[in-house]
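Here's the structure, in structure tokens; my notes come after.
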Amino acid sequence: MRKSEPSRMLMPINEEERKRVHLALGDSLITSRIRQINLKVIHLACGFLVGVLSILLIWNTSGIGRQSAVVLTIFNFFFVITTFALDGSLLIKLSMLLVGNVTFLMLNRILSYFLDSAVGAQSSILTVFLSSLVNLVWIVSFWSLSLTILSKSKKSK
């Protein structure tokens, strides 16, 4: 380019060119946003599917009670809703969901053994209070830990 010729970038563009560039940029932004939304919907669908399957598998094989099954269902529902819509790898999200279910099984079993030996009656108010308290503590701590892992995996990309 010669010095006497004005640069094309500095020349004002006409209205038609401006509309064409705006539409091209807008369309690419819209399609990329649609892809992101579709990916998040796929992640949510996979999360719900794995959550429901794990609840059914755990309920049928481990013999947990109705109260424990309700707690596990609530945990899976809120975990999928809050974490699967975030950016991050689907594999990490699914593995964190399954680790949460295994953690629930282990803590539920340990708590039931402890309460059977300490209290003796499964239907007492102390049993309901302690199991609710333990479930609240581990669900909140596990949820915050999984959010930390997801944010670290996003930063490492």
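Quick notes on this structure:
- Condition met for Lys152 (of a type in the set (Lys, Arg) and in contact (Cβ under 8 Å) with a residue 12 or more places away in the chain): no
- Filter result for Ile55 (free of Cβ contacts under 8 Å to residues at least 60 places away in the same chain and either assigned to a loop (DSSP other than H, G, I, E, B) or loosely packed, with under 12 Cβ neighbours inside 10 Å (or both)): no
- Residues satisfying the stated conditions in region 115-124, i.e. surrounded by 13 or more Cβ atoms within 10 Å (Cβ to Cβ) and assigned to a helix (DSSP H, G or I): Leu115
- Only residues that are in a helix (DSSP H, G or I) and either surrounded by 17 or more Cβ atoms within 10 Å (Cβ to Cβ) or not hydrophobic (A, V, I, L, M, F, W, C) (or both) were counted across region 62-104, and they come to 22.
- Answer residue from region 50-80, given it is in contact with a helix residue (DSSP H, G or I) (Cβ under 7 Å, 6 or more places away or on another chain) and β-branched (Val, Ile, Thr) and is nearest to Lys93 (Cα to Cα) among those: Val80
Computed from the coordinates by the stated procedures, all read-outs in this text should not be read as laboratory data. What you are looking at is a predicted structure, and each value in this text was computed from that prediction instead of being measured. Cβ sites come from the backbone with ideal geometry, for glycine too, and all protein chains shown count toward neighbours.
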